[in-house]
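Visitor: The structure under discussion is supplied below as structure tokens; questions concerning it will follow.
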Amino acid sequence: MTVTEVKDKTTKKAFLDTARIIYKDDPIWVCPLDNDIEAVFDPATNNFHNDGKCTRWVLTNESGKLIGRVAAFINNKKAYNYEQPTGGMGFFECIDNRDAAFLLFDTARKWLSENGMQAMDGPINFGENDNFWGLLVEGFIPPSYGMNYNPPYYKAFFEEYGFETLYAQITNHLDIIKPFPERFYKIAKWVTQKPGYEFKHLTAKNIEKFAADFIEIYNDAWRDFENFVPITHATIAESFNKMKPLMDENLIWFAYVNNEPVSFLIVLPDANPMIKPLKGKLNLIGKLKFVYNRWRGVSRMRAIVMGTKQKFQNHGIESALFITLGEYVLPLNQYTELELSWVGDFNEKMIAMHNAMGAVFGKKHLTMRHIFNGHE
């Protein structure tokens, strides 16, 4: 077996094609857009390169056929927040072969070690955790846009190599047609009518203001989580820009109390049914197909992220945001399902709210860590 670092047009193509080879007989898999994958590794489109670095490899067998790939990266803002300097690995794909998988893990580990790291988290993204993050271990159903999907046999590779679970990421599903539980609805509706409380959906012409409000809320809401790193304007600008082709302004809501931004709910139509026929290629024909599929619409939405300033948590504002969203969505008779992805198993408040809304379990991903002295 031969490991080759991705450094030119040919190896970039091989990196992208590896996934298409691994999943060629899997009807559930949706090929991510090649542009989305390449954007992660391009300093011009991923501001994480400003404070870190990454590389990637492909694996071929004795006949020269592609059988695997992996990437490794170091985010200097996060790497040194742990007991040991910790890098990341991701975009792992491999045939069902333990030796091949371990060779890919070894390759990522060696590069990270040579760059001062003593552990690696995976499978993760060189970016925020709303995309390409986590190992799917339960719920092998059609994935939503940006959510990792992988064969069930990957779990044994990670565990046998010495990766241990840091936390689970739970994705729940909400049946839009089914009414909210009465108690949930009454409390939420009462909150929407409180004096000084306002609920506004995003407007593209004011996107800079909403981006600033997002940063203010996000950095307050998550500040006490372990190893939290404040989000930057550059990161949010990139994220909002990527959302534009999919964005329905009426699915993205912000809550204000006496004009202070206090909570947000970011929901997008699920792009995967739109992009599945494209097989990763967003060329001219692909763009035309995407525009047509976008016009036809999809039935599933994905809640990307939700956050509330700490002093306003437990005030029912999150529930009110969902009710407000529902009042727009239901009359459309278009959407039938909302995927609530993903919530860390450590986030008890959000899991409790999902339960109160009547959501049901959808899938589980794992974020795992391998400490290097645990595997020789």
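Visitor: Of the residues PHE48, PHE91, PHE15, only one is at pLDDT 95 or above, under 26 Å from SER144 (Cα atoms) and under 18 Å from the mean Cα position of the chain (by Cα); which?
Guide: That would be PHE91, the only listed residue that is at pLDDT 95 or above, under 26 Å from SER144 (Cα atoms) and under 18 Å from the mean Cα position of the chain (by Cα).
Visitor: Considering only strands (runs of 3 or more DSSP E) fully contained in the stretch 119-193, which possess at least 1 residues that are closer than 29 Å to TYR256 by Cβ?
Guide: In the stretch 119-193, 164-175 are the strands (runs of 3 or more DSSP E) which contain 1 or more residues that are closer than 29 Å to TYR256 by Cβ.
Visitor: I'd like the residue in the stretch 121-146 that is touching a strand residue (DSSP E or B) at 6+ places or on another chain (Cβ under 7 Å) and over 22 Å from ILE67 (Cα atoms) and, out of all such residues, is surrounded by the fewest Cβ atoms within 10 Å (Cβ to Cβ).
Guide: That would be ILE141.
Visitor: Condition first: in contact with a Gly (Cβ under 8 Å, 6 or more places away or on another chain) and either modelled with pLDDT of 90 or more or not basic (Lys, Arg) (or both). Can you find one or more residues in the stretch 221-232 that meet it?
Guide: Yes - at least one qualifying residue is present in the stretch 221-232.
Visitor: Moving on. Within the stretch 241-275, can you find the residues that are assigned to a helix (DSSP H, G or I) and over 16 Å from the mean Cα position of the chain (by Cα)?
Guide: Within the stretch 241-275, GLU249, ASN250, LEU251, PRO273, MET274, ILE275 qualify.
Visitor: Taking the stretch 207-240, which residues are surrounded by fewer than 19 Cβ atoms within 10 Å (Cβ to Cβ), in a helix (DSSP H, G or I) and out of contact with any helix residue (DSSP H, G or I) (no Cβ under 9 Å at 6 or more places or on another chain)?
Guide: Passing the criteria: LYS209, GLU216, ASN219.
Visitor: What is the one condition in (1) assigned to a helix (DSSP H, G or I); (2) modelled with pLDDT of 95 or more that ILE74 does not satisfy?
Guide: Answer for ILE74: the failing condition is (1).
Visitor: Take the conditions in the same structural domain as PRO32 (by TED's automatic domain parsing), over 26 Å from ASN172 (Cβ atoms), modelled with pLDDT under 95 and of a type in the set (Lys, Arg) and apply them to LYS110. Does it pass?
Guide: Answer is no for this residue.
Visitor: Within the stretch 1-32, work out how many residues are more than 16 Å from PHE92 (Cα to Cα) and either crowded, with 17+ Cβ neighbours inside 10 Å or hydrophobic (A, V, I, L, M, F, W, C) (or both).
Guide: Residues that pass the stated criteria total 2.
Visitor: Now for a separate question. Exactly one condition in (1) crowded, with 17+ Cβ neighbours inside 10 Å; (2) outside any loop (DSSP other than H, G, I, E, B) is not met by TYR335; state its number.
Guide: With respect to (1) crowded, with 17+ Cβ neighbours inside 10 Å; (2) outside any loop (DSSP other than H, G, I, E, B), TYR335 is out only on (2).
Visitor: Then there is this: Out of the residues in the stretch 151-163 meeting the condition of being in contact with a Phe, Trp or Tyr (Cβ under 8 Å, 6 or more places away or on another chain) and crowded, with 19+ Cβ neighbours inside 10 Å, tell me which one is nearest to ILE304 (Cα to Cα).
Guide: TYR154
Visitor: Another question, then. For the stretch 72-91, does any single residue satisfy the condition of being free of Cβ contacts under 8 Å to residues at least 12 places away in the same chain, among the acidic types (Asp, Glu), in the same structural domain as PHE157 (by TED's automatic domain parsing) and under 30 Å from MET243 (Cβ atoms)?
Guide: no
Visitor: Tally the residues that are in a helix (DSSP H, G or I) and not aromatic (Phe, Trp, Tyr), restricting the search to the stretch 7-50.
Guide: Count: 23.
Visitor: A follow-up question, please. So, in the stretch 345-366, how many residues would count as being in a strand (DSSP E or B) and within 30 Å of ALA320 (Cβ to Cβ)?
Guide: Adding up the residues that qualify gives 6.
Visitor: Go through (1) surrounded by fewer than 21 Cβ atoms within 10 Å (Cβ to Cβ); (2) farther than 15 Å from VAL343 by Cα; (3) of a type in the set (A, V, I, L, M, F, W, C) one by one and return the number of the condition LEU166 breaks.
Guide: Among (1) surrounded by fewer than 21 Cβ atoms within 10 Å (Cβ to Cβ); (2) farther than 15 Å from VAL343 by Cα; (3) of a type in the set (A, V, I, L, M, F, W, C), the lone unmet condition for LEU166 is (2).
Visitor: Which residues, taken from the stretch 67-118, are surrounded by fewer than 18 Cβ atoms within 10 Å (Cβ to Cβ) and acidic (Asp, Glu)?
Guide: GLU83, ASP96, ASP99, ASP106, GLU114
The values are calculated or read from the model by the stated rules, or taken from the named source; none is laboratory data. What you see is a predicted model, and the numbers here were worked out from it, not measured in a lab. Virtual Cβ from ideal backbone geometry, glycine too; neighbours counted across all protein chains shown.
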